[in-house]
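Here is the structure we will look at.
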Amino acid sequence: MVMNVNEHPQLDQRVREGADLSAGIIGSAMDAVIAVDDAQRIVLFNAAAERIFACPTNEAIGSSVERFIPERFRAGHSTRVRRFGESGVTNRTLNGLGTLWGLRTTGEEFPIEASISKVESAGKRFFTAVIRDITERKRSEETLRKSEERFRLAAQAGRMFSYEWDAATDRITRSPESAQILGINEAVPITGQQVLAKVHPDDRERLEDAVAALSSEKPNLHVSYRMIRPDNTVIWVERSSCAHFDEQGKLLRIIGMVADITERHRTEEAVRESEQRFRLVADTAPALMWMSGTDKLCNYYNKPWLDFTGRSMEEELGNGWAEGVHPDDLQRCLDIYTQSFDRREKFKMEYRLRHHDGEYRWILDIGVPRLNQDGSFAGYIGIGVDVTERKLVEDRLREYERAVEAAEEMIAVLDREYRIVMANRKYATMRNMQKEQIVGRFANEVLNEGVFEGVVKAKLDECFQGKVVRYEMKYMYPELGERDLSLSYFPIEGATGIEGAACIAQDITERKRLEEALRGMSRKLIEAQEHERARIARELHDDINQRLAMLAVELEQLKENPSEVGSRVQELRRQTTEISNDVQALSHDLHSSQLEYLGAVAGMKGWCKEFGDRQGMQIDCRHDVRSTLPTEIGLCLFRVLQEALHNAAKHSGVKRIEVQLWEEPGEIHLIVSDSGRGFDVEAVKQGKGLGLTSMRERVRLVDGAFMIDSRPMSGTTIHVRVPLDSDAPQRVAV
């Protein structure tokens, strides 16, 4: 405000005092005060203006006020001020011009409220503007507007409305959204009693009790109930309110929100029905079922689970189920569950769970994440199956697989298309292949194609008819050559009938050779028996019988010449004795009684002397045996000695043979040696003779070792070494 006081000198002092007061008031004002002259030059710029426009007073004074007006508004500013000056109005608020904007010296624009006044002094006009920065108020208004808009949209989307009930008048004031929910036009006045009448009869008393229970100490109300719309449709609403009381506790009004929860209630009801159906199905399912929440804690088990464990729902809830898990499986089980839960992944695990009878049984547990209708994570649901029997079968199957893999027989399984689906180690080894090169291929790709088409295929087809097929064949292997095989095919039954065949092939080449050798030995034994019978027959017929016949002739001659009895009796007695001795020697060859009565060592020594005397040979028999030999060992050594001496007497061409029998710790040794003609051992083995074979077999039967060293013209040495079993009962050899 500017005044020219020169025209009133008598008031100078008072005016100056008033001017000082006005200047002080203007300087301390919170709003900007700017005065300009007719040329729009600033003549007054208070402290608030400095702060609002970020411009010192000394820079503002004398400058155009338009510097503080945004450029886009400057064109009409002078015209508006001129018109105001020409009008008869001295004060004017500029709100009617819409939002006004100021410009700080920093270049920032900001909203303002302004009023303008004019004064004239000494023929000059001055304009004074009071300006207020309303930036914060505009922000608050915008925030409030947005909040109200969000609330309105939320109320519409959430089907809710606000209300206020006046206890004195029973009138209800409600927001527009109520019309759509209640079916009552918002312009229609409505009272509390009218609203109460529209509450479902079954819920009305409960609502009245809830309202009656409100007090200054408990002013909040939260209740759900049904209402009947004018079209007789029933809706569910949820009411959240706060009651206000005066100082005497008298109810004044209730303010709150009402939400239409019909759809939510239907959804909840559907969920409850779904849960009831789920629990009914779960409780009748032949499996153990569980559920957990987002906190990893289990909150449900079905009846089969509780029946299995013999525990109550309360005992199993949370982590109670872990008490029944086998201690050796618990940590692994928890790790799988926790890690899968954190990653929201499906998991599968096996563990032992204690049955109500105290026995642990194997459970296969599969858990998957549960999701809410909006896709949010709700926890896990799992199903457990008792797989104890399967585990036992798997264990037995693994044992069978290990046995099959370690078997010395070739084992393979083929399907109906002749594809090899399993083969053991021996099967691959015999073909000099890896199992990966066999499994999955067709049989004609692995076997000799000619053999497959000519023999194997027909046998498999017979097996596929449900028959067990057994046969033998010869097969040529790349590395092993021709081998004799014994094959057995067993049909494998499945759900649809015969699904394949288990094929077992046994290499019987060695058995065949042994059988052939056994047949050869049998022939040799028969031949040896016949030779021995022939020898004994010759001995009896050509020697003993002839000598007995001669003795009978001589006795007949004595009958005709009784006078010669005295001179002939001595000769006849000698001949009879010789015949008796020869019969006894023949008997000892077949079975020496000395073995039975004197023992093996003495029997062998005695027989050596008898044999040497009969054959006119020198047999040096030396022995150093302290133990009593078992019967089997004694008889074995005696028969080897007999055969060796007979062969030496027959083939060596010498009259002296050495026999050594001695004992070492744990074994007994026998050596029969001569320095005669000798022979080719390998050639003799291929011959028809049974002597070496019988000696070797006798020694083998007592777990001994038989060695022969002979070369033509270099003599022969037979060495037998037999182990002595110290734990075996000692029996005298016969």
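Throughout, read-outs are computed from the coordinates displayed, never taken from laboratory work. These numbers were taken from a predicted model, which means no experiment stands behind them. Note: ideal-geometry Cβ built from the backbone for every residue, glycine included; neighbour counts use all protein chains shown.
Assorted remarks:
- Bridge type composition, the chain - antiparallel percent by DSSP, nearest 5: 95
- Exceeding the 25 Å Cα-Cα cut-off - candidates 296/348; 348/426; 303/348; 435/474; 218/250: 348/426
- Going by neighbour counts of Cβ atoms within 10 Å, the residues 356, 265 line up, fewest first, as 356, 265.
- Inter-part distance, the stretch 617-659 to the stretch 299-343, computed on C-alpha centroids, equals 82 Å.
- Arranged from fewest to most other beta-carbon atoms within 10 Å of their beta carbon, 662, 236 become 662, 236.
- 0 to 90° range, to nearest 10: angle between helix 600-615 axis and the chain longest Cα axis: 40
- Rounded to the nearest 0.05, the FRET efficiency derived from the C-beta distance between residue 359 and residue 338 at R0 = 30 Å is 0.65.
- Partner lysines for residue 650 [C-alpha distance under 22 Å; skip if fewer than 8 residues away on the same chain]: 524, 605, 609, 685, 688
- Most positive-pole-ward Cα, 287, 119, 234, against dipole of the chain from beta carbon charges: 119
- To the nearest ten degrees, helix 388-406 and the longest principal axis of the Cα atoms of the chain are 50 degrees apart.
- Assuming charge only on the beta carbon of Lys and Arg (+1) and of Asp and Glu (-1), the dipole of the stretch 219-301 about its Cα centre is about 60 debye to the nearest 20.
- Acute angle (nearest 10 degrees) that the helix 135-157 long axis makes with the longest principal axis of the chain, alpha-carbon atoms: 60
- Listed residue (705, 319, 58) projecting farthest to the positive dipole end of the chain, Cβ model: 58
- Prolate/oblate/rounded label for the stretch 140-260 (Cα gyration tensor, a/c 1.5): oblate
- From the C-alpha gyration tensor of the stretch 318-404, square roots of 5λ in Å: 29, 16, 12
- Listed candidates [x] 79; [y] 72; [z] 48 - label of the one calculated as percent of Cα pairs over 35 Å apart: [x]
- The stretch 400-441 shape via C-alpha gyration tensor axes, a/c threshold 1.5: oblate
- Residues whose amide H lies under 5 Å from that of residue 676, counting only those 5 or more places away or on a different chain, are 715, 716; hydrogens are built 1.01 Å from N in the peptide plane.
- Within the stretch 287-387: Cβ-based charge dipole about Cα centre, in debye rounded to nearest 20 (Lys, Arg +1; Asp, Glu -1): 320
- Whole-Hz ³J(HN,Hα) from phi, Karplus 6.51 cos²θ - 1.76 cosθ + 1.60, for the stretch 664-679, glycine and proline x: 10, x, x, 7, 10, 10, 9, 10, 10, 9, 9, 10, x, 5, x, 6
- Compared with the direct C-alpha span, the chain from residue 421 to residue 275 gains 47.8 nm at full extension, assuming 0.36 nm per residue.
- Positive minus negative residues near residue 419 (Lys, Arg vs Asp, Glu; Cβ under 14 Å): -1
- Computed FRET value (nearest 0.05) for residue 434 with residue 546, which takes r as the C-beta separation and R₀ as 56 Å: 0.15
- Residue among 629, 606, 309 farthest towards the positive dipole end of the chain, charges placed on Cβ: 309
- Between the amide H of residue 500 and those of 492, distances stay under 5 Å, these residues lying 5 or more places away or on another chain, with hydrogens modeled in the peptide plane.
- Mean ellipticity per residue at 222 nm, deg cm²/dmol - from DSSP H runs of n ≥ 4 across the chain, formula -39500 (n - 2.57): -13000 deg cm²/dmol
- Stretchable slack from residue 145 to residue 511, in nm (0.36 nm times residue separation minus alpha-carbon distance): 121.3 nm
- Whole-Å distance, taken between Cα centres, linking the stretch 224-289 and the stretch 401-449: 70
- Separation in nanometres of the label points that stand 7 Å from Cα toward Cβ, at residue 476 and residue 461: 2.5
- Shape of the stretch 267-391, Cα gyration tensor, a/c cut at 1.5: oblate
- Panel order for 604, 289, 476, by other beta carbons found within 10 Å of each beta carbon, from fewest to most: 476, 289, 604.
- Rounded to the nearest 20, the size of the Cβ-charge dipole of the chain about its Cα centre is 1740 debye, with Lys and Arg at +1 and Asp and Glu at -1.
- A cysteine counts as unpartnered when no other cysteine's C-beta lies under 4.7 Å of its own; in the chain this applies to 55, 242, 298, 333, 463, 503, 636.
- When the Cα convex hull of the stretch 591-723 is projected onto planes of every orientation, the mean area is 7.7 nm².
- Taking amide H as placed 1.01 Å from N in the peptide plane, residue 421 has its amide H under 5 Å from the amide H of 413, 414, 415, 440, each at least 5 places away in sequence or on another chain.
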